[in-house]
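Remarks on the structure that follows.
The values are calculated or read from the model by the stated rules, or taken from the named source; none is laboratory data. It should be emphasised that the depicted structure is a prediction, and the values quoted were computed from it without experimental measurement. Using ideal geometry, Cβ is built from the backbone for each residue, glycine included, and neighbour counts are taken over all protein chains shown.
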Amino acid sequence: MPRCRVDSSIERKVIDGFEFPLGVYPIEPLQPREGYTVAFESADGGAEDPDEQTSQWEEWPDRYVWDIVVKASRVESLVRSFLALLPGRVYPILDVLGSDAFREIDPYIADEPIGQERLLDALRRFRAWFYEDGLIGFGAMSDEPFLYVFVDEHKIVTVRAETALKDRVERLLAAFDLQEVESLSGADAAVHEHRGVLDAPDDRPDLLTADEIVEHLRDEWGLSLNIDGDRNVDEAGNDLGMTGWRCLVRLFPPDSPPLYAEVFLAAECLNAACELAADAVESLPNRPGERKTKTGGKTKPDAGPGDLDVLIADRLSPEDFATATGKAGEKALHADEGSVLQCRWLS
């Protein structure tokens, strides 16, 4: 069964007994300490703010929010304790520090609730990545009762809970000997660096890369990118108009391993980019011949049609898009309609 492994050459940063995650660590003096802050948040309508993860929810109720810092060796046990407060079906959440030129984090959330055992199974299989990697955050939420548990890329834990759950949450914090503090002091309290932590050499196909884990979780958890696909804005909300995109498209031929294609195109929004990329790949001739499977075997792709999915749609800076596509790309960015510049199978 595919799994992941931490790069054993990475050394853990430890300050005064406080262990930092392997993938995020301070690079200037810092006095870390465990503890939490708590605040009250009034009910709000999530659909009014498309930039928040609440956007697919009608409303988050009155709630308390706790931000919690613990050393790396305690994060997993703390998170598992909070996840035990969730009901049997939950909405998984995944944040990935991606490659989009105008957005730092790719926020994913499940379209439909899944059984919590599927969440826990993935957390066990890829525990090194979830709890140590500095390029991802993860969590889960439920709407009845309202409870949100999230571990960000600094491995700081955030819990949002309806008011009726306040006592249960604080009893759990007390069980971990955590106390309320004025301000938190984790990895993000000073200048710090992020890094990936996985080791996946070419001769070990059973060890997954971060991109392969994200692909697996998108399928297993039913994740979708939680942004407005009809708007093309940066993190400040500025309209970007026509931008260059790099798309990775996955095709499932019948009875064959998936095929992947790379598409460079110009489009005015995510939905348009995905539609252009899908149409371009469906029209590609000469599908690759024999392909190695994940276990090292070989198989021939079926020539018939298959299911198609746009896995990645990242916007590129004008400079990077021009480098990838040449002068045709520069011209496409000033056109009135989107267009495909390059489309090819990946070996």
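Side notes on the structure shown:
- For N238, the criteria (1) closer than 21 Å to D106 by Cβ; (2) modelled with pLDDT of 95 or more; (3) surrounded by 13 or more Cβ atoms within 10 Å (Cβ to Cβ) hold in every case but one, which is (3).
- Residues that are in a helix (DSSP H, G or I), among the small types (G, A, S) and over 27 Å from the mean Cα position of the chain (by Cα) within segment 323-347 comprise A328, G329, A332, listed in sequence order.
- For A174, the criteria (1) crowded, with 17+ Cβ neighbours inside 10 Å; (2) within 30 Å of G115 (Cα to Cα) hold in every case but one, which is (1).
- Residue match in segment 141-148 (condition: within 30 Å of S317 (Cα to Cα), touching an Asp or Glu at 6+ places or on another chain (Cβ under 7 Å), surrounded by 20 or more Cβ atoms within 10 Å (Cβ to Cβ) and in contact (Cβ under 8 Å) with a residue 12 or more places away in the chain): no
- Restricting the search to strands (runs of 3 or more DSSP E) fully inside segment 136-253 and requiring at least 2 residues that are within 30 Å of D279 (Cβ to Cβ) gives 223-225, 243-252.
- The set of residues in segment 182-204 being surrounded by fewer than 16 Cβ atoms within 10 Å (Cβ to Cβ) and either within 20 Å of V6 (Cβ to Cβ) or among the aliphatic types (A, V, I, L, M) (or both) consists of A190, V191, E193, R195, P201, D202, D203, R204.
- The lone exception for Y131 - which of (1) outside any helix (DSSP H, G or I); (2) surrounded by 14 or more Cβ atoms within 10 Å (Cβ to Cβ) it fails: (1)
- Members of segment 85-107 found to be part of a strand (DSSP E or B) and acidic (D, E), listed by number: D95, D106
- Residue match in segment 51-64 (condition: of a type outside the set (S, T, N, Q), more than 22 Å from E144 (Cα to Cα), modelled with pLDDT under 95 and part of a loop (DSSP other than H, G, I, E, B)): yes
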